[in-house]
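The values are calculated or read from the model by the stated rules, or taken from the named source; none is laboratory data. No experiment lies behind these values; they were computed from the predicted model shown. For neighbour counting, all protein chains shown are included, and Cβ atoms are generated from backbone atoms with ideal geometry for every residue, glycine included.
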Amino acid sequence: MESINQNLKPLTVKINDIGNLEIGGCDSVALAEKYGTPLYVMDEDTIRGICRDYKQAFKNYSKVNMMYASKALCTMATAKLIASEGFGFDVVSAGEIYTVYKAGADMSKVLFNGNNKSYDELSLAIELGVGRISVDNFFELALLNEVAKAQNKTVDILLRITPGIECHTHEYIQTGHLDSKFGFDLTQIDEAVELIKNDYTNLRLHGLHAHIGSQIFETSIYGDEIEILVKEIARLGLNEINIGGGIGVKYTENDCPPSVYDVAEIIIKRLNECIEKYNIEPPALFIEPGRSIISTAGVTLYTVGSSKQVPNGRKYVAVDGGMSDNVRPSMYQAEYTAQVANKPDAKNFEKVTIAGRFCESGDILIKDVELPELEEGDILCVYNTGAYNYSMASNYNRVPKPAMVLVKNSHSCIIVTRETLDDLISHDRLN
Ligand code: LLP
């Protein structure tokens, strides 16, 4: 069965009666006029739809816990929406913890990850009652025990391990291979377990955690990961595994990400085989999808500005955003798909390169793309920008971060306000 992460566009995208792109029942050109551009637009039906795909796909394994990886996009409104679908959260900083807390998330369904959590962040996590902390290394075991002791609490933990699995994705977003900054090597687990048992008595170990990488299209590696995790928890007498996130999405017509239903089938099948093989009680299974939950639901609207024809070379068309609202093309050579929101049906195609407005030659959003001839004032809609766009946004060139709106049933509402010039200088002090 197909799942929403296999779509290029949000579920509600269509061309409306006046020939403009519509999303969530809202005219995208009217959204651009009302809220300004660049504008992140999030489609509520698509977010809820993929959450339901995940729940449906895993319904045959009763001990499953869905945790949304908030690093993909962390705002109060989206956190509240995803929490209302029954998801918990994977968080990696005090900022993410605070955001989901303020959004009203059930903190017992929150897992705190990361390879260098500070004393203060660990304290906050314990104070706010996060359900699990995934401990990444020996240094953190000692630190967390100290923090827990200071609060007179016993903290529920997992150990993050490096399973030694390589996936075929961009090198910067692989995490499960052996030479990784994340997690304990398999050969170090026993020592960590001994330390917890004998010395770190304010820690209670439940299981193991791994994450192989991101934007993964292969399905079989999830089976390999399950085998390693279950083998280890069986040996150690633990009863939880967290397999991380990583399922890919469709950025261009050439991308074929797997269906969440197919991945779930592989995971559950292998898990059941391993339960039998290693003769254990069914463990609690945690999964942490980020990108596949939020990416497809998001588009970014830009206004077209200047253009330049290089004699005998490329035509560059510049928009009013770029690498500060979407760093992925310049950081990972990521590819995106766009449509012209005010004339999606126009046929006068030409090959252009969509450039950002930042002072950096690498600030190119889409290279060599066929689009209807663009004119100043046109609204460009870039698809699949829900994940790792706003969450990685910067103020490079002192450009304010865009606003974000949530759309549903022909209604739009601001969920992140546009930064102002005064916001930009609000932390500056003249000496
Ligand atoms: N769990 C852990 C422990 C992770 O490190 C990550 C992502 C996830 C879950 C969620 O993975 P996802 O389902 O989103 O693939 N900035 C990069 C992606 C970095 C991913 C980091 N970890 C990008 O824009 O492609």
>> If Pro10 satisfies all but one of (1) in contact with a helix residue (DSSP H, G or I) (Cβ under 8 Å, 6 or more places away or on another chain); (2) part of a helix (DSSP H, G or I), what's the number of the condition it fails?
In response: (2)
> Out of the residues in segment 176-233 that are over 30 Å from Thr252 (Cβ atoms) and among the polar types (S, T, N, Q), which is surrounded by the most Cβ atoms within 10 Å (Cβ to Cβ)?
Replying inline: Asn202
> So Gln309 clears everything in (1) over 13 Å from Leu365 (Cβ atoms); (2) surrounded by 16 or more Cβ atoms within 10 Å (Cβ to Cβ); (3) among the polar types (S, T, N, Q) except one condition, right? Which one?
Replying inline: (2)
> If you scan segment 358-374, which residues turn out to be over 30 Å from Val92 (Cβ atoms), in a loop (DSSP other than H, G, I, E, B) and touching a strand residue (DSSP E or B) at 6+ places or on another chain (Cβ under 7 Å)?
Replying inline: Glu373, Leu374
> Which ones in segment 108-163 are assigned to a loop (DSSP other than H, G, I, E, B), within 15 Å of the ligand (Cβ to nearest atom) and of a type in the set (S, T, N, Q)?
Replying inline: Asn113, Asn115, Asn116, Asn137
>> Here are the criteria: (1) away from the ligand (no atom under 13 Å from the Cβ); (2) of a type outside the set (Gly, Ala, Ser); (3) in a helix (DSSP H, G or I). Tell me which single one Glu96 does not satisfy.
In response: (1)
> Scanning for something touching a His at 6+ places or on another chain (Cβ under 7 Å) and either assigned to a loop (DSSP other than H, G, I, E, B) or surrounded by fewer than 15 Cβ atoms within 10 Å (Cβ to Cβ) (or both), does segment 245-265 turn up at least one residue?
Replying inline: yes
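With the requirement that a residue be farther than 17 Å from Ile23 by Cβ, over 17 Å from the mean Cα position of the chain (by Cα) and surrounded by 21 or more Cβ atoms within 10 Å (Cβ to Cβ), what does segment 325-357 give you? Before the answer, list the steps.
Our first condition is that a residue be farther than 17 Å from Ile23 by Cβ; within segment 325-357, this holds for 325-335, 346-357.
Now restrict to residues that are over 17 Å from the mean Cα position of the chain (by Cα): 330, 333, 346-357.
Result: Val352, Ile354, Ala355, Gly356.
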> Name the residues in segment 384-400 that are in contact (Cβ under 8 Å) with a residue 40 or more places away in the chain and surrounded by fewer than 24 Cβ atoms within 10 Å (Cβ to Cβ), would you?
Replying inline: Ser391, Met392, Ala393, Ser394, Asn395, Tyr396, Asn397, Val399
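From Val299, Val382, grab the single residue that is within 16 Å of the ligand (Cβ to nearest atom), under 17 Å from Leu31 (Cα atoms) and either touching an Asp or Glu at 6+ places or on another chain (Cβ under 7 Å) or in a strand (DSSP E or B) (or both).
Values: Val299 fails: within 16 Å of the ligand (Cβ to nearest atom).
After ruling out the rest, the residue left standing is Val382.
Mind listing whichever residues of segment 1-33 are surrounded by fewer than 18 Cβ atoms within 10 Å (Cβ to Cβ) and either in contact with a Cys (Cβ under 9 Å, 6 or more places away or on another chain) or without any contact (Cβ under 8 Å) to a residue 24 or more places away in the chain (or both)?
Filtering segment 1-33 for residues surrounded by fewer than 18 Cβ atoms within 10 Å (Cβ to Cβ) gives 1-2, 8, 14-19, 25, 30, 33.
Within segment 1-33, Lys14, Asn16, Asp17, Ile18, Ala30, Glu33 meet the criteria.
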> Looking at Glu191, Glu281, which is the one that is assigned to a helix (DSSP H, G or I), within 20 Å of Asp156 (Cα to Cα) and modelled with pLDDT of 95 or more?
Replying inline: Glu191
> How many residues are away from the ligand (no atom under 16 Å from the Cβ) and either free of Cβ contacts under 8 Å to residues at least 24 places away in the same chain or among the hydrophobic types (A, V, I, L, M, F, W, C) (or both) when one looks only at segment 192-234?
Replying inline: 12
> Which number in (1) farther than 20 Å from Pro283 by Cβ; (2) without any contact (Cβ under 8 Å) to a residue 40 or more places away in the chain marks the one condition that Thr154 misses?
Replying inline: (2)
> Taking interchain pairs and intrachain pairs at least six residues apart, which have beta carbon atoms under 7 angstrom, with the first residue in segment 89-111 and more than 19 Å from Leu158 (Cβ to Cβ) and touching a residue at least 24 places away in the same chain (Cβ under 8 Å) and the second buried (at least 18 other Cβ atoms within 10 Å of the Cβ) and among the acidic types (Asp, Glu)?
Replying inline: Ala94/Glu121
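Please enumerate the residues belonging to segment 313-345 that are within 15 Å of the ligand (Cβ to nearest atom), in a loop (DSSP other than H, G, I, E, B) and hydroxyl-bearing (Ser, Thr, Tyr).
So the first thing to find is which residues in segment 313-345 are within 15 Å of the ligand (Cβ to nearest atom), and the list is 323-336.
This time we only want the ones that are in a loop (DSSP other than H, G, I, E, B), so: 323-327, 333-336.
Ser324, Tyr336 - these are the residues of segment 313-345 that are within 15 Å of the ligand (Cβ to nearest atom), in a loop (DSSP other than H, G, I, E, B) and hydroxyl-bearing (Ser, Thr, Tyr).
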> Are any residues in segment 80-117 of a type in the set (A, V, I, L, M, F, W, C) and farther than 15 Å from Ser134 by Cα, and if so, which ones?
Replying inline: Leu81, Ile82, Ala83, Phe87, Val100, Ala103, Ala105
